[in-house]
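Encoded as structure tokens, the structure appears first; notes follow it.
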Amino acid sequence: MENMLAYKSLSAAVRDKIIDLILFSGRYKPGDWLNESDIAIELEVSKAPIREALRELAAKGLVKIVPRKGSYVAAFTENEMEELYNLRFFLEMQIYKDLINKKRLEEDDLAYLVHLVDKMVDSSQEEALREVILPKFMALDIEFHQYLWRKSGLRLTRKILTNIHYQILLGIMEDLKHAESLEETARLHYEVIKALRRADIKTLEENRAYSYFVRRKTGFADVQKKTDTGSLLPEEKPAAL
């Protein structure tokens, strides 16, 4: 039993490390092949836990396995990414409605979310290469959204979001690599918190639609043109937040 538990712990550690390599190392992009031998040498493990981890990640949509050829980082067409973002938008709106209608968020929850966004903004302002900043920035972004998922009472919705989580991460990572301003991306999250505090579903819908569909395609190039649209735009953190 102890050996089995140890193996499961090793397998989970290998899986998490491969996720880090794919998403954060900058060494892989969608469509790149993953060399099992090289990864095994780098992680100082045998190929068995590598293969098990890749099978698990294939089930979650992060990698694709080709029989007798190997595994590669999943690549999504523009239409598939649009479908993923549509799914995310619909499911997260159900989360927000549940959080608001059931009054599931306390002041401590909102304060924690503000803390996460503060750290995102700080990270975006660091004088370093984007490849260096992105892992920390993305980890904070992930925690922000997953925290809200966890606070909801919608078990099945959370499960579906979790199942497409890694596919969404690939899309987010590619978007953030090309976003014109990480700080603008971070500050949009203050608007989410403000809308949750006010129980303002309409603003949440506008904010998320802007982030997932408009901003994602424009890379913030048209932010200045939208200065009269109010709630859609990121802004400085208000003192009352």
(request) With +1 on each Lys and Arg Cβ and -1 on each Asp and Glu Cβ, and nothing else charged, work out how big the dipole of the stretch 6-97 is about its Cα centre, in Debye to the nearest 20. (result) 300 debye
(request) Between Asn35 and Phe76, take the C-beta separation as r, use R0 = 25 Å, and let me know the FRET efficiency to the nearest 0.05. (result) 0.70
(request) For the stretch 51-57, take each phi angle, set θ = phi - 60°, evaluate the Karplus expression 6.51 cos²θ - 1.76 cosθ + 1.60, and give the result in whole Hz per residue in order, putting x for glycine and proline. (result) 5, 5, 5, 5, 5, 5, 6
(message) Which three numbers, in whole Å and largest first, are the semi-axes of the equivalent ellipsoid of the chain derived from its Cα gyration tensor as √(5λ)?
(response) 34, 21, 17
(request) Give the angle, between 0 and 90 degrees and rounded to the nearest 10, that separates the Cα long axis of helix 2-24 from the longest principal axis of the Cα atoms of the chain. (result) 60 degrees
(message) Could you give each residue of the stretch 80-88 its phi-based ³J(HN,Hα) in whole Hz, using Karplus coefficients 6.51, -1.76, 1.60 with θ = phi - 60°, and x for Gly or Pro?
(response) 5, 5, 4, 5, 4, 5, 4, 4, 4
(request) Pairs to check: Lys151/Lys194; Lys177/Lys202; Lys17/Lys69; Lys119/Lys194; Lys136/Lys202; Lys17/Lys119. Give those whose C-alpha atoms are more than 27 Å from each other in this structure. (result) Lys177/Lys202; Lys136/Lys202
(request) Give the angle, between 0 and 90 degrees and rounded to the nearest 10, that separates the Cα long axis of helix 107-124 from the longest principal axis of the Cα atoms of the chain. (result) 70 degrees
(request) Only helical DSSP H runs with n ≥ 4 go in: add -39500 (n - 2.57) per run for the chain, normalise by residue count and round the 222 nm mean residue ellipticity to 500 deg cm²/dmol. (result) -21500 deg cm²/dmol
(message) Suppose R0 equals 35 Å. What FRET efficiency, 1/(1 + (r/R0)^6) with r the Cβ-Cβ distance, do Gln94 and Ser46 give to the nearest 0.05?
(response) 0.25
(message) Sorting check: for 202-208, 187-193, which peptide has the highest mean count of neighbouring beta carbons within 10 Å, and how do the rest follow?
(response) 187-193, 202-208
(message) Taking all protein chains in place and a 1.4 Å probe, what share, in percent, of the accessible surface of the chain do carbon and sulfur account for?
(response) 51 percent
(request) Please report the relative contact order for the stretch 42-187, taking Cα pairs under 8 Å with a sequence separation of at least 6, and give it as a percent rounded to a whole number. (result) 30 percent
(request) Would you mind calculating the relative contact order of the stretch 1-120 from Cα pairs under 8 angstrom and at least 6 residues apart, reporting the percent as a whole number? (result) 21 percent
(request) Taking 7 Å along the Cα-to-C-beta vector as the label spot, tell me the Arg68-Glu106 distance in nanometres, rounded to one decimal. (result) 6.0 nm
(request) Work out, in µm²/s and without decimals, the Stokes-Einstein translational diffusion coefficient of the stretch 53-155 at 37 °C, 0.692 mPa s, Rh from Kirkwood over C-alpha pairs. (result) 199 µm²/s
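The values are calculated or read from the model by the stated rules, or taken from the named source; none is laboratory data. Bear in mind the structure is a predicted one, so any value in this text is a computation, not a measurement. Methodologically, a virtual Cβ is constructed for each residue, glycine included, from the backbone with ideal geometry; neighbour enumeration extends over all protein chains shown. Keep in mind that these areas ignore ligands, DNA and RNA; they rest on the heavy atoms of the full protein, side chains included. Shrake-Rupley method; radii C 1.70, N 1.55, O 1.52, S 1.80 Å.
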